[in-house]
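The values are calculated or read from the model by the stated rules, or taken from the named source; none is laboratory data. This structure is a prediction, so every number in the text was calculated from the model and none was measured. Neighbour counts are summed over all protein chains in view; Cβ atoms, including those assigned to glycine, are modelled from backbone coordinates with ideal geometry.
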Amino acid sequence: MNTEETKAPETEAAPAAAPQGRAPRAPRRDAGRNGRGPRRDGGRRGETPVEEGPQLMEKVVYVNRCAKVVKGGRRFSFSALIVVGDQKGKVGYGFGKANEVSDAIRKGTDAAKRAMKKVVVVNETIPHEVYSEFGGAKIVLKPAASGTGLVASAKVRAVLEAAGVNNVIAKSLGSSNAANVVKAVMQAMLGMRTADQILAARGKKKKEAAQL
């Protein structure tokens, strides 16, 4: 005769007792509350996010390689001419030298950012025609109508684009040395003034000048 075995009712297992001589571990605290753990956005408690500055245009105008002959062979060094601008009227150039191209470009970029200066830009062009000389470089810049574009060499174009000038006719009449051409363009840009600035220097207003 089959006998039915009686099963004891299942009950939840009691938690394992802590080993003798050791106190039970306290629940773990949230690491984010005491400022020790990272937050979901990648930062930490108490730190304010760093706001990025205006976007700058960086252009490598020229990279030169110099070789020095020594007893063991040749040692190369590099120099880079960099132009940096915010395309809103501020532009600068820098020159960097190093044993690697990347280091030379980085040094030139840092120098260009420190040397940024404000230039005059009116309706994406220059206010008037200008002629500039620096060393053997001779540059002529003429304002152009909207849609003309930049009719200029790559060296002159780098400075004008970084400054935010989009319509100019330029001509190089002298040396094609990259450093002198860039310096001549910067000299021309810094020497330009608007009509209001000239009238203000003479102590006149725009309406008074129109009546004369």
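Select from the stretch 75-131 the residues that are under 13 Å from L56 (Cβ atoms) and polar (S, T, N, Q) and write down the one among them that is modelled with the lowest pLDDT. Out of the qualifying residues, it is Q87. Being over 14 Å from V91 (Cα atoms), more than 26 Å from the chain's Cα centre (by Cα) and not β-branched (V, I, T) narrows it down to one of A152, A200, A178, A170, so name that one. Going through A152, A200, A178, A170 in turn, the sole match is A200.
Kindly indicate which of K71, K90 is at negative phi and surrounded by fewer than 17 Cβ atoms within 10 Å (Cβ to Cβ).
Just one listed residue meets the conditions, K71.
Among the residues of the stretch 124-170, the one identified as in contact with a Pro (Cβ under 6 Å, 6 or more places away or on another chain) and among the aliphatic types (A, V, I, L, M) is I126.
Among the residues of the stretch 154-190, how many are of a type outside the set (S, T, N, Q) and farther than 16 Å from T125 by Cβ? Before the answer, list the steps.
Filtering the stretch 154-190 for residues of a type outside the set (S, T, N, Q) gives 154-165, 168-171, 173-174, 178-179, 181-186, 188-190.
Among the residues that remain, those that are also farther than 16 Å from T125 by Cβ are: 154-155, 158, 173-174, 178-179, 181-184, 186, 190.
Residues that pass the stated criteria total 13.
Of everything in the stretch 124-153, what is assigned to a loop (DSSP other than H, G, I, E, B) and hydroxyl-bearing (S, T, Y)? Give them in sequence order.
Start the filter on the stretch 124-153 by keeping residues that are assigned to a loop (DSSP other than H, G, I, E, B), which leaves 124, 126-129, 135-136, 144-149, 152-153.
Within the stretch 124-153, S146, T148, S153 meet the criteria.
Looking at the structure I just gave you, is A98 closer than 18 Å to L160 by Cβ, hydrophobic (A, V, I, L, M, F, W, C) and either in contact with a strand residue (DSSP E or B) (Cβ under 8 Å, 6 or more places away or on another chain) or crowded, with 18+ Cβ neighbours inside 10 Å (or both)? Explain how you work it out, then say what you get.
Details: closer than 18 Å to L160 by Cβ: no; hydrophobic (A, V, I, L, M, F, W, C): yes; either in contact with a strand residue (DSSP E or B) (Cβ under 8 Å, 6 or more places away or on another chain) or crowded, with 18+ Cβ neighbours inside 10 Å (or both): yes.
It is false that A98 is closer than 18 Å to L160 by Cβ, hydrophobic (A, V, I, L, M, F, W, C) and either in contact with a strand residue (DSSP E or B) (Cβ under 8 Å, 6 or more places away or on another chain) or crowded, with 18+ Cβ neighbours inside 10 Å (or both).
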